[in-house]
Amino acid sequence: MKDILVLTHAEDEWHLISNALSDVGNIRRAPDLNAALAMHTQSPFDLILADIELLAAHPGMPAFSSVNPFVQFIVLCNRSNTRQTIEAVKAGAVGYLLSPVRERDIHLLLPALNQSRSKDFELDYLRDHFWKTEWLDIIRSQNAGMKKIFENIRSVAPTIATVLLLGETGTGKGTLARLIHWHSRRFEKPFISIHCGAIPDTLIESELFGHEKGSFTGAERKKPGRFEMAEGGTIFLDEIGTISPSAQVKLLQVLQDGTFSRIGGDAVLKANVRIIAATNSDLEDAVSKRIFRKDLFYRLNVFPIEIPPLKERMEDLEYLVDVFLKKLNVKYGKNIQTVHSSVLEGFRHYEWPGNIRELENILERAYILETSTVLTTDNLPIETQMAVIRDIPAPGTGQTLTQARQYAVNACEVSYLTSLLAQTNGRINEAAQKAGITPRQLNRLLTRHRLDKKQFKPPKDA
């Protein structure tokens, strides 16, 4: 579902466009260019339909594109400003609508929007055919920081350089490690992952480097370590900051000389592996506290990549939700194609301490419990449901008590109505009866909050 902005002061155009695109996305309106830019900066839009006279003012389209390079434009014009319209199309607008705007013309433009978006992704990510097809969903991002990260991965993947992935828990370090391996020259060899923090200090050396029979109590046979298992390929050392001092010494030897020995063994073995390490801790701080070896840190820190938390890449939130929904449809077969706008609103105001992993887990739980064809707030954790209400403007933000109270009421009504329509599959009379109001009152509330009963009806073939 797209976030759509209509930039116009014409009431008739706004109402027609809003009704025509109600099933396509979340639609908001701005009366002038400054308001539109402020709204776009706070929460970037995917599509902007703009009066050409308003859009042509400085700084115009480039200011929107600098916030979201994938934003698409449709210009609203009349026959008297043909020259401005042509210039806008040359500058990147995907189309135009002549006044008076007709609903049929709006729907004729929608296929062109999707084709243009696909072309943008192709230009950004398929140039030189570097990225493997099965990884295209992973590398699509509208966040400037993530786009830079993928550029860096593209540069470092074909090399043998050691990579250090930094970032909070759940940001996708393991996924990026696999991305590097599958785009390296070692992709046909093993990718061996080990979570160092999940293995006791007494066993970490044995897990990494193996041991000989009888080398310690319980060593009843010879065991190869992960470095031997990864021969010719890549070893991913997750939570590298947790390994014991003695394991740090042996790992340093691998990085310096490319050799190691099994515990209890004299033979020197060659380590033909590419090392990717990851941590959510501050290794430099650990070095200053003498918890982590300085020389090992410098050996690991050859090519550091810092991954931003989910709350700093909200531009990708809707796309990530779509990707996870597709995976869940394959896994469970419910055919839930979208989430309600109130779910996305709550997601945007939530802090996401568990990052992308938490988002995936929350969606899977809600998916399993959902009984309608649209994922609603009803099955989300309470802290996510309340995220919108907790974002009530505080004193000093320019909002009066009356405005803040209305904000909370609106959030409550949207959450309640979304759950109600999901329970009744969009049946207005039944929903009104459950709510204790008349169908007419319910329809007024749905119109006010731009909720469409059609989103909650089961598919015809169900």
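Where a number appears in this text, it was derived from the coordinates with a stated rule and is not lab data. Because the structure is predicted, anything quoted here is derived from the model rather than measured. Heads up, the Cβs are rebuilt from the backbone with ideal geometry, glycines too, and the neighbour counts pull from every protein chain shown.
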*Run down the lysines and flag those whose C-alpha is under 18 Å from the C-alpha of Lys311, throwing out any fewer than 8 positions away in its chain.*
Lys147, Lys148, Lys173
*Between Asp257 and Val302, what length in nm is gained on full extension when 0.36 nm per residue of separation is reduced by their alpha carbon distance?*
14.6 nm
*So which lysines pass the test for Lys453, namely a Cα distance under 27 Å, with those fewer than 8 places away in the same chain ruled out?*
Lys2, Lys326, Lys327, Lys334, Lys434
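What are the equivalent ellipsoid semi-axes of segment 133-308, built from the alpha-carbon gyration tensor (square roots of five times its eigenvalues), in whole angstrom, biggest first?
Semi-axes (√(5λ), whole Å): 29, 19, 14.
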*Give me the distance between the Cα centres of segment 157-184 and segment 304-344, rounded to whole Å.*
21
*asked:* Cross-link candidates for Lys213: which lysines have Cα within less than 29 Å, leaving aside residues fewer than 8 places away along the same chain?
replied: Lys189, Lys222, Lys223, Lys250, Lys270
_Ordering of 348-357, 32-41 by packing [mean C-beta count within 10 Å, highest first]_ = 348-357, 32-41
_Residue-averaged 222 nm ellipticity for the chain, from DSSP H runs of 4+ at -39500 (n - 2.57), nearest 500_ = -14000 deg cm²/dmol
*For the chain, find the longest principal axis of its Cα atoms and tell me its angle to the long axis of helix 401-423, 0 to 90°, nearest 10.*
80
*Mean separation of Cα contacts under 8 Å, 6 or more apart, over the residue count of segment 1-87: relative contact order %*: 31
*In vacuum, with every alpha carbon of segment 313-352 counted as one equal point scatterer, what does the Debye formula give for log10 I(q)/I(0) at q = 0.19, 0.33, 0.34, 0.36 Å⁻¹? Two decimals, please.*
-0.58, -1.11, -1.13, -1.18
*Residue by residue, what Karplus-based ³J(HN,Hα) values in Hz, rounded to whole numbers, does segment 323-336 have, using 6.51, -1.76 and 1.60 with θ = phi - 60° and x for Gly and Pro?*
4, 5, 5, 4, 5, 5, 5, 5, 6, 10, x, 7, 6, 8
_In degrees, nearest ten, helix 144-156 long axis to first principal axis of the chain (Cα)_ = 40
*Given 0.36 nm per residue, what is the gain on full extension from Asn78 to Asp137 after removing their alpha carbon distance, in nm?*
17.3 nm
*Cα→Cβ-extended label distance, 7 Å offset, between Ala435 and Asp282, nm*: 5.0
*For the chain: relative contact order, % (alpha-carbon pairs under 8 angstrom, 6 or more apart)*: 11
*Which one of Asn143, Tyr367, Phe303 is farthest out on the positive end of the charge dipole of the chain, using unit charges on Cβ (Lys, Arg +1; Asp, Glu -1) and the Cα centre as origin?*
Tyr367
*Please work out how much length the chain gains when fully extended from Ser215 to Arg444, using 0.36 nm per residue of separation minus the C-alpha to C-alpha distance, in nm with one decimal.*
74.7 nm
*Karplus-derived 3J(HN,Hα), 6.51/-1.76/1.60, for each residue of segment 183-194, Hz, glycine and proline x*: 10, 9, 7, 9, 5, 7, 9, x, 10, 10, 10, 9
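With a sphere of radius 12 Å drawn around the Cβ of Gly241, what net charge do the other residues whose Cβ falls strictly inside it have (Lys, Arg +1; Asp, Glu -1)?
After counting each charged neighbour, the total is -3.
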